[in-house]
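First comes the structure, then the notes that go with it.
The values are calculated or read from the model by the stated rules, or taken from the named source; none is laboratory data. For clarity, every value in this text was computed on a predicted model and none was experimentally measured. All Cβ positions, even for glycine, are placed from backbone atoms using ideal geometry, and neighbour counts span all protein chains on display. For the accessible areas, the whole protein counts, side chains as well, though only heavy atoms, and no ligand, DNA or RNA atoms are used. Shrake-Rupley method; radii C 1.70, N 1.55, O 1.52, S 1.80 Å.
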Amino acid sequence: MLERGFMVVPTGVALVAVLVGCLVRRTEARRTCLYLALTAYVGAVAAVTLFPLPVEGGMGYAPAWGISYNLVPFAGIARTVADAAQTGWWWSIATVIVGGNVLMFVPLGLMLPLLSDRLRRLPAATLVLAACSAAIELAQLVAGLAVAGYLYRVVDVDDVILNVAGGLIGFGLWKAWERLAAPKRDELV
């Protein structure tokens, strides 16, 4: 079993590589910090979404714990809410599953417009957010089938919907910050 902590070393190596690349290219300090934050963020998201990775389970073993994929929009969310209502565990179930997927993408939505002027437009940012979330779901599918031999994580279209919603919240926070900061920049000129 590869645990979440496994991602510390690859993320550390990536951070050093990004820092060296920025120093060689003489990237300004603010942009270097942004690239380092994005690299750490990607490592953390990989740790949360792909690990623990069951590598010694053997091919063909499928766990007996339910559905491994959902391709029907909002079906997983409805099932989560119904389960939470039945068990009375609203806070733990609904918040962790639904809230976690939303919160996970808020930083990305905030960083995208800072990375590129093209990503300062809502349609472009939305497309990138959806592509990143779909890539995570695809990585879970491939890792499950190729490494474990079964889907050890739920591959869910609702995760994409919730991730994009979180990213759009982050994008909205950036937009609000831009509007608040614009009058101050105009006063300095």
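General observations
- For segment 73-83, the count of residues that are assigned to a helix (DSSP H, G or I) and under 21 Å from Gly43 (Cα atoms) is zero.
- For segment 108-134, the set of residues classified as within 16 Å of Trp177 (Cα to Cα) and either outside any helix (DSSP H, G or I) or basic (Lys, Arg) (or both) consists of Arg120, Arg121, listed by residue number.
- Residue list for segment 84-93, restricted to those being surrounded by fewer than 15 Cβ atoms within 10 Å (Cβ to Cβ), at pLDDT below 75 and in a helix (DSSP H, G or I): Trp90, Trp91, Ser92
- Selection within segment 156-186: residues that are part of a helix (DSSP H, G or I) and charged (D, E, K, R). The member of this set that is surrounded by the most Cβ atoms within 10 Å (Cβ to Cβ) is Asp159.
Table: residues versus (1) small (Gly, Ala, Ser); (2) under 22 Å from Leu53 (Cα atoms).
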| residue | (1), (2) |
| --- | --- |
| Ile97 | no, yes |
| Val102 | no, no |
| Leu114 | no, no |
| Ala139 | yes, yes |
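- Subset tally (residues that are over 19 Å from Leu115 (Cβ atoms) and not in a helix (DSSP H, G or I)) for segment 1-57: 10
- Single unsatisfied condition, Val96 versus (1) under 19 Å from Ala165 (Cα atoms); (2) at pLDDT 90 or above; (3) open to solvent by 80 Å² or more (accessible area, probe 1.4 Å): (2)
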